[in-house]
Amino acid sequence: MYNENYWRAIDLVTHNGITVHKKRNSTFSLRYLQLASEEDTNSTDRKGVHFVVARKADLYTNYGVKGYIATSKETLISDAQTLTHWTPNTYRYGEYANNDRTHIKGHREDNLQQINTFVVDIDSQQTDVPGIVVAATQYSVGAPTFILKTAKGFQAYFVLDSPAFISNNQNFKGLRVAKVIAANIKHSLSRFLPAVDLGCNDFGFFRMPRPDNLVYFDEESVFSFADLRDWSTVYSEKHKTRGIYVASSVEPGAQMLATDRKWFDQLIHLTNIRGGRGSYGRNTAVFTLALACYSSGKSLQEATDLLDEFNANLQAPISFRELERSLNSAYSGKYKGAKLEFIEGLLETYDMNQDYKNEMSDPTAFIFKKTGYRRFRKHKKPREQRQFSHINEWESDMLEYIEKHLVSGQTFLFGSQRELAEKMAVPYSSFKKVIQQSKQIVKKTTGRGRHAVSYLSTIAIIVRESIRHAIQKKNEAAQNYAAYLASLSDVAERIITIIAGKQANEEPNIRVFERLSDKSRSQAQLSFKLLENLQRRAIPRDSQVRLLL
């Protein structure tokens, strides 16, 4: 089944980073061409480029990437069905690497103009669209904007509501923040989805939206960069993920070289590294060691000799061509240094000796310091040492509590708000603020005053249970209850409508989940109230917080 929304997905991702129409040979009608020209003229955003390729193999030719440069939405949309990959994030400029204009260059991180989207590559078909949506909603930043099906799995796009512009101010601080966000999104999903590719380039080439691969699209599900940054900060603190890199250049008076560190010695003597896509493996190890050599001032030839010996000692070595590719990439000057996440991941996966952990806790093992002056940095105190916590930290605690205290098939925690706050160990004032501001927690209250009962759930749980009732069960009562659950949240209702509609198209015998008539909705609400009353009668008042359903 072809999905004609692909052009809307392309338009949503690109924002105003490129022109609407081609400067020459446009196929727009004269009237539309005039309107498009006016839009481009009125836009104050700088126009950049995207890079595109026609085949996956074109990403890895002997002469670099084979493709061409797209400067307009018209080009991307009209050519989409003949393309496989693109750079969804916008670059300042692009160049051709040869006179025949067949190979491209310029897709470097220091040439990024703006970040439009974060993309997660899932190299497994052991999941499905509902599974990805629920995992993203429940354990990560929220439901993706759209999902593309690939030959080996899926790619989930999390599109920003407005682009994050990149500048070289403060050593590309915005880009560094974005890379931490990208790493945390992938990390959060990898804990609950199979084969999430943790090592893929955060802002490189990804699958192109096409009519034949767009399997989920919710254009209202877009993300604020500031919200993602706040989420990432809380996630990093809670899950101890850090974005520390080995310095990319040696300075006079620097600390011990990366190649002299204990972790380097342990990593380069491992022989059991295998891995593969979606996990820490041989290519990640070679690239990490190569970056350490580069940052320590070793020549390319010295690094090649060293890593060729390392590769030869592996139980399952990679080809010399792959080795050279990783070395050339590490020595291209595009990277800040070896990433701590990869070092820890490789050693925790393949090395039984954990002596390196003490070194990991020492930031001087990864950050070279200049001599002659001191640099002071302000660090947030650990949460247990702070008198106050931020609202998003309390929200994270509440989401975790709700999920932890609900078992499969159950949808709500209920009780008075004060009772729920006490159970969750959240100050009552903070509890109320979270309920008012949260985009992930759903609250329904019945009754008034001291007889009021609040029912708490999350959008993710409601989506999960709505899918279960709407798709897995065929009877009308289940459909009605699924519709009622979804109606408690606009986001949940939208997600369910999209997913169930897609399922229905793939399996015609399953009824399409649609918005119910007012009469059907009233019947669902009546059923809910009946369950509610029965639950209250059955449970003593002193057991205030209980599971519903």
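Within the range 396-431, the residues that satisfy the criterion of being farther than 26 Å from residue 481 by Cβ, open to solvent by 40 Å² or more (accessible area, probe 1.4 Å) and assigned to a loop (DSSP other than H, G, I, E, B) are 425, 427. Taking the range 1-55 as the search range and keeping residues that are in a loop (DSSP other than H, G, I, E, B) and in contact with a Phe, Trp or Tyr (Cβ under 6 Å, 6 or more places away or on another chain), which one is modelled with the highest pLDDT? Looking at residues that are in a loop (DSSP other than H, G, I, E, B) and in contact with a Phe, Trp or Tyr (Cβ under 6 Å, 6 or more places away or on another chain), I get 48. State whether the residues of the range 362-371 include one that is of a type outside the set (A, V, I, L, M), modelled with pLDDT under 55 and assigned to a helix (DSSP H, G or I). Yes, the conditions are met somewhere in the range 362-371.
Scanning the range 194-210 for residues that are open to solvent by 10 Å² or more (accessible area, probe 1.4 Å) and touching a Ser or Thr at 6+ places or on another chain (Cβ under 9 Å), we see that the one that is nearest to residue 393 (Cα to Cα) is 198. Summed over the range 66-112, residues that are within 28 Å of residue 173 (Cβ to Cβ) and touching a helix residue (DSSP H, G or I) at 6+ places or on another chain (Cβ under 6 Å) total 3. State whether the residues of the range 211-234 include one that is at pLDDT below 85, open to solvent by 30 Å² or more (accessible area, probe 1.4 Å) and touching a strand residue (DSSP E or B) at 6+ places or on another chain (Cβ under 9 Å). Checked the range 211-234: no residue is at pLDDT below 85, open to solvent by 30 Å² or more (accessible area, probe 1.4 Å) and touching a strand residue (DSSP E or B) at 6+ places or on another chain (Cβ under 9 Å). Take the residues of the range 305-333 that are among the polar types (S, T, N, Q) and closer than 25 Å to residue 106 by Cα: which is surrounded by the fewest Cβ atoms within 10 Å (Cβ to Cβ)? Result: 332. Taken over the range 396-447, the criterion of being free of Cβ contacts under 8 Å to residues at least 24 places away in the same chain and at positive phi is satisfied by 447 alone. Here residue 436 fulfils each of the conditions (1) out of contact with any strand residue (DSSP E or B) (no Cβ under 7 Å at 6 or more places or on another chain); (2) surrounded by 13 or more Cβ atoms within 10 Å (Cβ to Cβ); (3) at pLDDT 75 or above apart from (2). Looking across the range 59-74 at every residue that is surrounded by fewer than 20 Cβ atoms within 10 Å (Cβ to Cβ) and assigned to a helix (DSSP H, G or I), the one that is modelled with the lowest pLDDT is identified as 60.
Considering every residue within the range 180-190, establish whether at least one is crowded, with 22+ Cβ neighbours inside 10 Å and without any contact (Cβ under 8 Å) to a residue 60 or more places away in the chain. Within the range 180-190 (the criterion being crowded, with 22+ Cβ neighbours inside 10 Å and without any contact (Cβ under 8 Å) to a residue 60 or more places away in the chain), the answer is yes, since at least one residue qualifies.
The values are calculated or read from the model by the stated rules, or taken from the named source; none is laboratory data. Bear in mind that the values here come from a model prediction, so they are computed numbers and not experimental data. Counting neighbours? That spans all protein chains shown, and the Cβs are built from the backbone with ideal geometry, glycine included. Keep in mind that these areas ignore ligands, DNA and RNA; they rest on the heavy atoms of the full protein, side chains included. Shrake-Rupley method; radii C 1.70, N 1.55, O 1.52, S 1.80 Å.
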